[in-house]
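Undergrad: Before I ask anything, let me first share the structure, which is written out below as C-alpha cells.
The values are calculated or read from the model by the stated rules, or taken from the named source; none is laboratory data. These numbers were taken from a predicted model, which means no experiment stands behind them. Methodologically, a virtual Cβ is constructed for each residue, glycine included, from the backbone with ideal geometry; neighbour enumeration extends over all protein chains shown.
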Amino acid sequence: MISQFFILSPQRGDTLIFRDYRHDTPRDVPDLLLDKLKTWQKNHGAELDPPPIFNVDGVNFLFTNIQGLYFVCTTKFNVSPFMIYELLGRIATLIKDFCGILSEECLRLNSSLVYELLDEIIDYGYVQTTLTDQLKSYVYEDPVPVKRENIIINSLAKLKAPGTNLGSSRNRPIVHSRDERSSKQNEVYIDMIEQLVASFASNGMTVRAEINGSIQIKSYLQGNPEIRLGLNSNIVLGRDKDISSDKYGIVFDDYKFHDSVDPTDFNEYRRMVIFPPEGETTIMNYRISSDVSLPFRIFPILLRDPRCPNRMDITIKIRADIPEDKFVSKCTLTVPLPRVTQSVSNENTDDSNEQSFQYDNRIKNIIWTINNLKGGTEQSIKVKITGATSFSAVAELEIGPISLEFDIPNYTCSNIQIRKLKVYEKNKSIPPQRWVRYFTISESYICRV
Amino acid sequence: MSSGRVSFLDQQQNREVTELGLRLKEASENVTINHTGIQQTAKRPIIKKVLETMTAGIDVSSLFGDVIKAASTKDLVQKKLAYMYISTQAEQNADLVILAINTFQNDLQDENPFVRGLALRTLCSMRLIDYVPYMLESLSHALIDSSAYVRKTALISCIKLFNLSPKHVLDAPLVDQLYNTLRDRDPEVVANCIVALNRIFLSEGGMTVDTNIAHYLLQRLHEFNEWHQCLNLLDDRLKHHNSGVQLTTVKIFIKLAEGIDDIQEDVYKRIKSPMLTSLTLTSPEIVYSCLEHIIVLMNQSHQLFREDYKYFYRRIKEPSFVTLKKLEVLEGIATKISSKEIINEISGYITGTDKVIAQKSIESIAKISFRIENVLSYSLEVFMKLLETGIDIIISSIITALEEFMNESPEKVGSLLSVLPSVWTSIDLSSQAGPAFLNLLTTIGYEISEAPYILESLIDDLESYPATSFRLQLLNSTVTLFLHRPAECRGMLAKLFKYSMEPYESLEIRERALFLYRLLQKDIKKAQEIFKHQRYASKKNGNNNFKTRDKHLTKFNTISLLYGKHSEQTLFEQTPGNFSKRNDDQFFSSPTHHISEFDELISLQFQNLVKDEFTLSSTVSIEAKKFKACWENFTESHEFEISLLDSSASLISLTLDDIESVFEENMMMIMASGSSGDYLKFFLYAQEINSNILMLCELKLNLNLKLAKINLRIGYEAYGIIHEDQKMNLSKYSEYFIQYLTRYVKELSNLVKLGISFEQYDY
C-alpha cells in the first residue's frame, strides 16, 4: 500500500509531481526526503550513494533515480520492496511511453497527463494496472511535445547506430492526438542488447566473463498482432544439463520471459510467440557465463626506473578480438593513477582523429578514447607519469583498474541472432515494418594492473 | 530579515492564488483550440495551473468553490483535474463539499463508465464522515454496475470507507455483496475484492477462505495481473519478469518447505538461479533488495551461493550501497577454496577513491580470514603491502583489523608489527583505529625501541585526543610499557596520571587513572602479574549476525528485511495479507538471549532448561569442613558417567588449570583438585540462587579413555526438616544440575577441538 507518490528534481529540490493516495503521511514528505539526502551527503560525502530506502518517523521512503529525477513512494506498511521498485520503474516507462521522453521539462508540460495516469495506476495505494493498452483508454489528455532542442538525450539514444535515423522515431509518444491516432504507422522495433561484465587479472587471465542479454521490443503495430520470433537453434538451456551432447551450444544459465510471451515452443524450437503490448517492453532476459569470447583484451605494462622514483611509464595495448567486418565507433579507457601523480605526458606521435587523450589532475584519471576501432586490429598508448613525490613501492596498487566503455553495433557477443521474425496480421493492408538491431555494450569491463 | 522575505513570498503567493480564482470565474466553458492545436476549454489550463501550485506546496484551498463549479463540465480532462483537487482539499472545506454532491450524483449516473468510476473514487476519497451515507448508497449501486471498471473502483472505495468508519461498512449489507463479488468474471475485480475483504476482516486474520474459494481462486490465478499475484501468493512463477512476483514465489516456496529438511535444500537450489538473474539486469534498487534477501538465504544455507561468488564482484558503475552489500555477501560465502581469490578481488577495491568502500573491503577481508584460517597469512601479506601505500584511511582500517587478528593468532601478527613506528603518523587516532594502534603498540612495546617515544609524543599532545576510549587505552598502554621499561617511561607516566586526574576530565578516565595509580603504588609485583595476563576482549562479532538474521526469513519480501536487524515491528502499520504476522510477533516479543557461537555448539541438551529458574551464584564460597558435612548429609545423590568419545581430539593436552578455569568461569567452584593415576579428580560445588540449593560433585576424568565419572549430591545448605515442596524442588533441580554439568564436561572436549587453549595467559 503506497501512501504517496512523487517525483523530485534534486537540483533545486522542486516537487514536479505529487500525488497523495492515502493521506496517512505528512504532506511535507518531499522536504523530509531532501533533508535526509542532504544530511546523508554531509555525513558521508558525495561519493557514497545513500541506500534507496529510508525510514523517517515511521514513514518509509523507497526511491530510485531515473535520468536524474527521483521517483519516490512512501508507505507506512511493511510491503514488498521489489513491488515498489518495479512499480517506480514501470511508472517511469509509462510516462516515457505516453509523453515520448522523460525529462523535467516534459513533466512540467504534461503534468495533467501524468496525474491522469497516476490516478489510474494506483487507487488508494493499491496498484490497479500498469498496462499501456489499458491505460490508453483511460487517459484523455494529449501529450504536449517538448521542443526538439530541449530534449535531454536519454540513455537509450546512446544506442543509436550510426547512419540510422531510428533514434528520433523511437522517442515518439505512443499516444497521439485524437485526430492523429488513425495515422498509418505500423512498425515494430526489436533490440537485442548484450551487456558485458568482464574483468581481467593483471597477468591477463580472465577472472570473470558474463553476458547479460535482453530482447526489447517497442511496438507501434496496429491491433496487437501476434509476432513470432525464433532464435539460434544451438542454445542450451540451463547449466546443469549435460552439455557434452551439444558441445557448440550457447549455454543459458538462466532466462526469463515477459508475461506477453508464450514460450511453449521455446524449449524445443527456440521459438516464442509474442503479443507485444504497445510501448516498450523487455520480452526476454538471459544470462550466459560459460565460454564467453570477450571482444577486447587489454595489456597494461608498467615500467619503473629505480633511479627516478618519481617517474613511471605505462603502456597500454588494446586488441579487438571481433570479426574484421565489425568495428567499435567509440571506445573509452579510463585509468586511475596514484594520488601523488602530478603530470602526465603522452608519447604517441600519432595523435590523429582516431585517438584522443586526456588527463584530469583533479581526480587523477587518464581517459583514452579511440574512434573506429576495427575488428582484428590493435592500438596502444605510452604514457609517462610524474609524481609530486616519489611513488611508493606499491604504487601499482593504485593504478587501475582500467575500465573500458564501448558499444559495438551489429554484434552480439554470444552470437545469438534473431533467425525468424514474423508479424501475423489480420488486416494486411499496410505491411508492417520490422527493425532489428543488435548491440554489445560494456556494463563493467575492467582490467587490473 | 528572513521573516520579512517569507511574508513577501506569502503575499506574492496569495496574489497568485487570488488571480487564479479570478481567472477561473471569468473563463468560459466553451471549447477552443489553443496554439498547439489541442481542443480544450479555457478553464482547463487554469485548473492545471491550480494543481501545479498545489504541487509546489502552496495553499490553494480558497479556490474550492470555483473548482467545484469547474467540475461539472463536459471536458473530461478538466473534470479529472478538478476532482483531484477536490479529493485533496475536501477536509479544509468540509462545509462547501455539499455544493459538489450534485455534480457527483450526476456523474455517478453518467453513461461513460470512466466518469462513473471517477466520481465514485473521488467521492469516497473525501475523509468526511458526514458524507458516509452518500458514499454507501452509491457503493451499493456501483458494486453491481455493468462496467468492470466501476466495480473495481467500488471495491477499493469500500476500503476507503472502512478506514473512515468501520461501523458503517460492517453494519451495511455490503459484506455479503463483497463475498458475492468474488465470483465476478473480471479478474481485476476479483483481485480488488480479495484486497478489500482482507482489509475489512484484518482483525480476524483476513478474509474467510474455505476450500471452495481457495480452489476457485487458484484456478484463476493466471488471469490476475502481476501486481495482484503478489497479493495472492501462490504460483510457481519463479521466471516472472516482475521481481516482486518472483520473490513472493520464493517466499512461498520457503514457507512450504519449512520443517522438511530434504526439500529445503532443493528449494533453495531452485530459487537461486532466478535471484542471480535479478542481480544482473535490473535497477540498482532492486539489486540492493535482492542482495539483502540473498544475505538471509545465505545464512540459512551456507552452501547455497558459494560457487557463485563471482556474481558478487563489484561492477564499475554500480552505486556504493550495492557494493557494500555485495561485500557482505562475499564475507559469508567465501570457502576454503574460493577465499584466496575473493580476497584478491576485494583487495582491488581498497585503493579506489571511495573511502567507505575501502574501509568495508578491509573489514571484509578481516572477517573472511577470521572464519577461514588458512587464508590468514595471505590476508596479512595483502595488508602489509597496502600499508606501504601510505594512504591514511587504508592504514587506519588495517590497524584496526590487525588488532582483531591479534586475538586470533598473536604469533603471526606479532612478527609483522615492527612496521608500526613507520606508519603510525598516518593513522587517524581519533577513529577506532586509535585504541587499536595503542593496543598493538603495547603488545610489542618491549621489542620496539621507538615505542616509548611514540607514547610520549601522544601524551604531550593529549588535548588533541579527547575520545574516552583512546584515553583509557593510553593509560593501559603506558602502564604496561612502564612495567616493561620503567626507566624510559617513568616521566611520561607521571605526566599522564597528572593530566588524567584533572577535575575536568571525565569520571571514567579519572577513575581508571586513580585505580592504576593505586595499583602501582601498592604492589608493583601484583600489577606486573595483572598486566602480564591482560587478555584481548574478543571482537569476533561477525558471526552473531548469522543468528539474528535467521529469523528474518519470515519477513521475506518486505521492507523490514531491508532495514536488517534494526527493524522493529512498530515501524509499520498492520498489513493485510501478511501471513507471517504471528511469527514476527513471537520473534519480537521473546527476549533474545545472547548466545555465542561457542555455546550453541554444545548447548543441545541444555535447551529445555528455563534460564530464569536456574541461575548459579557467582559468590558462593564454602569451607572444606562444611563441604564434607554436606556431602555426608545430602540424601539426593546421582552417579553417572559421561563419555567424551565422540570428540575426535585427544584430551591429553588438557591440564588441571584448563579444566578448572572452565568450571570456574561457569560458576562451579573448585573445592579441591589433583591427579591420581590416570584420573584427574575434582571436587566442585555450586549454589543456585532462587532455591538456595547446593550442588556438590566429585568428578573423575580419565583423559585417555575420554570418560568422566561423576558423583553428584544435592541438598539445602541449612539441613534439617525438608518440606514436601522442597523435595519436589530437589528432584527438579538435580535434573538441571546434571544437564548443566554434562554440558560443561562436554565442553572440555570442545576446548581442544576448537584449538582454544589458554596459552594466551602466558603470552
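Undergrad: Are any residues in the stretch B:47-67 β-branched (Val, Ile, Thr), crowded, with 23+ Cβ neighbours inside 10 Å and in a helix (DSSP H, G or I), and if so, which ones?
TA: Within the stretch B:47-67, B:ILE47, B:VAL50, B:VAL67 meet the criteria.
Undergrad: Here is a follow-up. Can you confirm whether B:SER418 is in contact (Cβ under 8 Å) with a residue 12 or more places away in the chain, under 21 Å from B:SER361 (Cα atoms) and surrounded by fewer than 16 Cβ atoms within 10 Å (Cβ to Cβ)?
TA: Spelling it out, it is not the case that B:SER418 is in contact (Cβ under 8 Å) with a residue 12 or more places away in the chain, under 21 Å from B:SER361 (Cα atoms) and surrounded by fewer than 16 Cβ atoms within 10 Å (Cβ to Cβ).
The rows are residues; the columns are (1) at pLDDT 85 or above; (2) in contact with a Gly (Cβ under 8 Å, 6 or more places away or on another chain); (3) among the β-branched types (Val, Ile, Thr).
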site	(1), (2), (3)
B:VAL67	yes, no, yes
B:LEU76	yes, no, no
B:LYS80	yes, no, no
B:ILE86	yes, no, yes
B:GLN92	no, no, no
B:ASN112	yes, no, no
B:ARG116	yes, no, no
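Undergrad: Oh, and also: Please determine whether any residue of the stretch B:87-99 is more than 9 Å from chain A (Cβ to nearest Cβ) and surrounded by 24 or more Cβ atoms within 10 Å (Cβ to Cβ).
TA: no
Undergrad: Which condition from (1) assigned by TED's automatic domain parsing to the domain that holds A:TYR21; (2) at pLDDT 85 or above; (3) touching a Gly at 6+ places or on another chain (Cβ under 7 Å) is the one that A:THR132 breaks?
TA: For A:THR132, the failing item is (2).
A quick yes/no check of all residues on (1) in a strand (DSSP E or B); (2) surrounded by fewer than 24 Cβ atoms within 10 Å (Cβ to Cβ); (3) modelled with pLDDT under 90; (4) within 7 Å of chain B (Cβ to nearest Cβ):
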position	(1), (2), (3), (4)
A:LEU48	no, yes, yes, yes
A:ASN55	yes, yes, yes, yes
A:ASN65	yes, yes, yes, no
A:ILE84	no, no, yes, no
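Undergrad: Would a scan of the stretch B:620-633 turn up a residue that is surrounded by 14 or more Cβ atoms within 10 Å (Cβ to Cβ), closer than 14 Å to B:ILE738 by Cα and either basic (Lys, Arg) or at pLDDT 75 or above (or both)?
TA: Scanning the stretch B:620-633 turns up no residue that is surrounded by 14 or more Cβ atoms within 10 Å (Cβ to Cβ), closer than 14 Å to B:ILE738 by Cα and either basic (Lys, Arg) or at pLDDT 75 or above (or both).
Undergrad: Helices (runs of 4 or more DSSP H) wholly in the stretch B:111-174 with at least 2 residues that are of a type in the set (Ser, Thr, Tyr) and surrounded by fewer than 20 Cβ atoms within 10 Å (Cβ to Cβ) - which ones?
TA: B:132-142
Undergrad: Looking only at the stretch A:1-22, filter to residues that are at pLDDT 85 or above and more than 9 Å from every other protein chain (Cβ to nearest Cβ); which one of those is surrounded by the fewest Cβ atoms within 10 Å (Cβ to Cβ)?
TA: A:SER9
Undergrad: Something else about it: Look at the stretch A:398-449 and say how many of its residues are in a loop (DSSP other than H, G, I, E, B) and in contact with a strand residue (DSSP E or B) (Cβ under 8 Å, 6 or more places away or on another chain).
TA: Adding up the residues that qualify gives 14.
Undergrad: Sticking with this one: Within the group A:THR74, A:THR25, A:THR93, which residue is out of contact with any Cys (no Cβ under 9 Å at 6 or more places or on another chain), more than 7 Å from every other protein chain (Cβ to nearest Cβ), in a strand (DSSP E or B) and over 30 Å from B:THR353 (Cα atoms)?
TA: Going through A:THR74, A:THR25, A:THR93 in turn, just one is out of contact with any Cys (no Cβ under 9 Å at 6 or more places or on another chain), more than 7 Å from every other protein chain (Cβ to nearest Cβ), in a strand (DSSP E or B) and over 30 Å from B:THR353 (Cα atoms): A:THR74.
Undergrad: Would a scan of the stretch B:482-502 turn up a residue that is exposed (fewer than 15 other Cβ atoms within 10 Å of the Cβ), under 40 Å from the mean Cα position of the chain (by Cα), part of a helix (DSSP H, G or I) and at pLDDT below 85?
TA: Scanning the stretch B:482-502, I find no residue that is exposed (fewer than 15 other Cβ atoms within 10 Å of the Cβ), under 40 Å from the mean Cα position of the chain (by Cα), part of a helix (DSSP H, G or I) and at pLDDT below 85, so the answer is no.
Undergrad: Shifting gears a bit: Is it the case, given these coordinates, that B:SER273 is within 9 Å of another protein chain (Cβ to nearest Cβ), within 26 Å of A:GLN195 (Cβ to Cβ) and of a type outside the set (A, V, I, L, M)?
TA: It is true that B:SER273 is within 9 Å of another protein chain (Cβ to nearest Cβ), within 26 Å of A:GLN195 (Cβ to Cβ) and of a type outside the set (A, V, I, L, M).
Undergrad: Of all the residues that make up the stretch B:264-319, how many are within 27 Å of A:LEU404 (Cα to Cα) and among the β-branched types (Val, Ile, Thr)?
TA: Total meeting the criteria: 6.
Undergrad: Could you list all residues from the stretch A:374-397 that are in a strand (DSSP E or B) and either out of contact with any Lys or Arg (no Cβ under 9 Å at 6 or more places or on another chain) or not assigned by TED's automatic domain parsing to the domain that holds A:PHE357 (or both)?
TA: Scanning the stretch A:374-397 gives A:LYS382, A:VAL383.
Undergrad: Hey, among the residues in the stretch A:251-274 that are among the hydrophobic types (A, V, I, L, M, F, W, C) and free of Cβ contacts under 8 Å to residues at least 40 places away in the same chain, which one's nearest to the other protein chains (Cβ to nearest Cβ)?
TA: The extreme case among them is A:PHE257.
Undergrad: Another question, then. Of the numbered conditions (1) at pLDDT 90 or above; (2) more than 21 Å from the chain's Cα centre (by Cα); (3) not polar (S, T, N, Q), A:PHE296 satisfies every one except a single condition; which is it?
TA: Status for A:PHE296: all satisfied but (2).
Undergrad: Within the stretch A:36-44, can one find any residue that is within 7 Å of chain B (Cβ to nearest Cβ) and surrounded by fewer than 20 Cβ atoms within 10 Å (Cβ to Cβ)?
TA: Yes, some residue in the stretch A:36-44 is within 7 Å of chain B (Cβ to nearest Cβ) and surrounded by fewer than 20 Cβ atoms within 10 Å (Cβ to Cβ).
Undergrad: Determine, yes or no, whether A:GLU180 is farther than 28 Å from A:GLU405 by Cα, of a type in the set (Asp, Glu), modelled with pLDDT of 80 or more and surrounded by fewer than 20 Cβ atoms within 10 Å (Cβ to Cβ).
TA: Answer is no for this residue.
Undergrad: Do you know which of the residues in the stretch A:66-113 that are polar (S, T, N, Q) and free of Cβ contacts under 8 Å to residues at least 40 places away in the same chain is farthest from B:VAL77 (Cα to Cα)?
TA: Among residues in the stretch A:66-113 that are polar (S, T, N, Q) and free of Cβ contacts under 8 Å to residues at least 40 places away in the same chain, the one farthest from B:VAL77 (Cα to Cα) is A:ASN78.
Undergrad: So if I check each of B:TYR149, B:TYR179, which one is of a type in the set (Ser, Thr, Tyr), modelled with pLDDT under 85 and assigned by the TED database to the domain that holds B:ASN106?
TA: None of the others qualify; the one that does is B:TYR179.
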